[in-house]
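Following: one structure in structure tokens, then a few remarks.
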DNA sequence: TTCGTCATGTAAGAAGTTACATGATTTC
DNA sequence: GAAATCATGTAACTTCTTACATGACGAA
């Protein structure tokens, strides 16, 4: 066991959230970096993205920390590393999930940003923008609803929370649709003041 | 006028969204970099943050582009630059607001991320996490509701859209509260399956 | 005279993305 | 035999934040 490096204290306080995404995906069955990326694209992408370039370094880091174990498992002549979560990995994931820390909610929405400044536009242009923002959320609701069957199938397997996060996404965008629609009616009705 | 640089074509297609935040804030009355930052903290912060370090370089850039004009206006011996939007600036802002481009909606939510993996937890721990996420959105709803009087006052001044974006934020978090509460009831009732 | 606010500025670094590079295997 | 998918890797870059630095002014 290596001697503890006292000066490293500040870099130690747990992994970053991206590493927990990778750890979590391995814990629910992703075996390769490629599969981690695929699962992210199908699920957490709507509230947490990571790029492929982050995944492979992250896997190495998690393995060095003893939270996952990898072994070579080439398919024919194509190289491949398959990973499994370790007991320490499960413990670390559970600790993170149960830890009562801030859980930042970060939103960066160009649509809302544009709407905020829409009073500088003509009435018609502002209405068009509002309509575009509503449509965007409607499209997103449609996209997410299309994923519901998959999430329900996953639920049958005993994983209930992916469906919950999907419903959260749907509800969030539906709420935006509703507020936009109400405001559109008001604006279309009374262009004055 | 400088000779056009052909190789710069890729860096030219409009300002980034952060620059439009600054331009927009100037257009609705912010006069100094300091005031831009303050207004962002009171309003767009919930769907678009920028740090102070971005603002001053951005102001210089907008001025060079002729979208705002600045003049020295020291208060006593304290240096200060006050800015105003130009006709070109108004045109550029309006063009951006009306431009039909993608309007990315980016969400990065640690709460939803944790929930996604909550099936790896015990029933009680998962419930506690769910409860924590609900509380977080309830707090956010409370915080945003406290801003409503300000937004209503602003509306009296003829700026209707800041209130709209505030209502959007409230609705989004209220939707999350509702979905969490419904799921909590289901989970608390039937711990089985 | 001390604290909070007004006001500007930047250097250093963290974090994350894009884009490229490589090549095997499977499917059409 | 072409195209899509599987699979890994990384260099370069952009973007943004943190933290520091400076100092005047106003109120207590």
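The values are calculated or read from the model by the stated rules, or taken from the named source; none is laboratory data. Since the model is a prediction, treat every value here as computed from it, not as a measurement. With ideal geometry, Cβ positions are generated from the backbone for all residues, glycine too; neighbour counts draw on all protein chains shown.
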Which ones in segment A:58-77 are within 9 Å of DNA strand D (Cβ to nearest atom) and touching a helix residue (DSSP H, G or I) at 6+ places or on another chain (Cβ under 6 Å)?
A:59, A:70
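Looking at this structure, is residue B:146 touching a helix residue (DSSP H, G or I) at 6+ places or on another chain (Cβ under 8 Å) and either more than 26 Å from residue A:134 (Cβ to Cβ) or facing chain A (nearest Cβ under 7 Å) (or both)? Reasoning before the result, please.
Numbers: touching a helix residue (DSSP H, G or I) at 6+ places or on another chain (Cβ under 8 Å): no; either more than 26 Å from residue A:134 (Cβ to Cβ) or facing chain A (nearest Cβ under 7 Å) (or both): yes.
No: the conditions fail for residue B:146.
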All positions within segment B:87-109 that are part of a loop (DSSP other than H, G, I, E, B) and touching a helix residue (DSSP H, G or I) at 6+ places or on another chain (Cβ under 6 Å):
B:103, B:104
Identify, please: which residue in segment B:1-47 is modelled with pLDDT under 95 and away from DNA strand D (no atom under 15 Å from the Cβ) and is, among those, farthest from the other protein chains (Cβ to nearest Cβ)?
B:3
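Just a yes or no: is a residue in segment B:30-37 away from DNA strand C (no atom under 12 Å from the Cβ), part of a helix (DSSP H, G or I) and either within 20 Å of residue B:154 (Cβ to Cβ) or free of Cβ contacts under 8 Å to residues at least 60 places away in the same chain (or both)? Show your work before the answer.
Going residue by residue through segment B:30-37, those that are away from DNA strand C (no atom under 12 Å from the Cβ) are none.
No, there is no match, as no residue in segment B:30-37 is away from DNA strand C (no atom under 12 Å from the Cβ), part of a helix (DSSP H, G or I) and either within 20 Å of residue B:154 (Cβ to Cβ) or free of Cβ contacts under 8 Å to residues at least 60 places away in the same chain (or both).
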Is it the case that residue B:84 is in a strand (DSSP E or B), out of contact with any helix residue (DSSP H, G or I) (no Cβ under 8 Å at 6 or more places or on another chain) and either within 16 Å of DNA strand C (Cβ to nearest atom) or over 30 Å from residue A:156 (Cβ atoms) (or both)?
no
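Scan segment B:45-57 residue by residue and report those that are touching a helix residue (DSSP H, G or I) at 6+ places or on another chain (Cβ under 8 Å) and free of Cβ contacts under 8 Å to residues at least 60 places away in the same chain. Step through it out loud before you land on a result.
Taking segment B:45-57 first, the residues touching a helix residue (DSSP H, G or I) at 6+ places or on another chain (Cβ under 8 Å) are B:46-50, B:52, B:54-56.
B:48, B:49, B:50, B:52, B:54, B:55, B:56 - these are the residues of segment B:45-57 that are touching a helix residue (DSSP H, G or I) at 6+ places or on another chain (Cβ under 8 Å) and free of Cβ contacts under 8 Å to residues at least 60 places away in the same chain.
Taking segment B:45-75 as the search range and keeping residues that are in a helix (DSSP H, G or I) and within 20 Å of residue B:104 (Cβ to Cβ), which one is farthest from DNA strand C (Cβ to nearest atom)? Quick ask: steps written out before the conclusion?
From segment B:45-75, those in a helix (DSSP H, G or I) are B:45-46, B:52-64; that's our starting set.
Next, only the ones that are within 20 Å of residue B:104 (Cβ to Cβ) stay: B:45-46, B:54, B:58.
Numbers: B:45: 16, B:46: 20, B:54: 8, B:58: 10 Å.
My answer is B:46.
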For segment B:83-109, what are the residues that are more than 7 Å from chain A (Cβ to nearest Cβ) and surrounded by 17 or more Cβ atoms within 10 Å (Cβ to Cβ)?
B:83, B:85, B:86, B:89, B:92, B:96
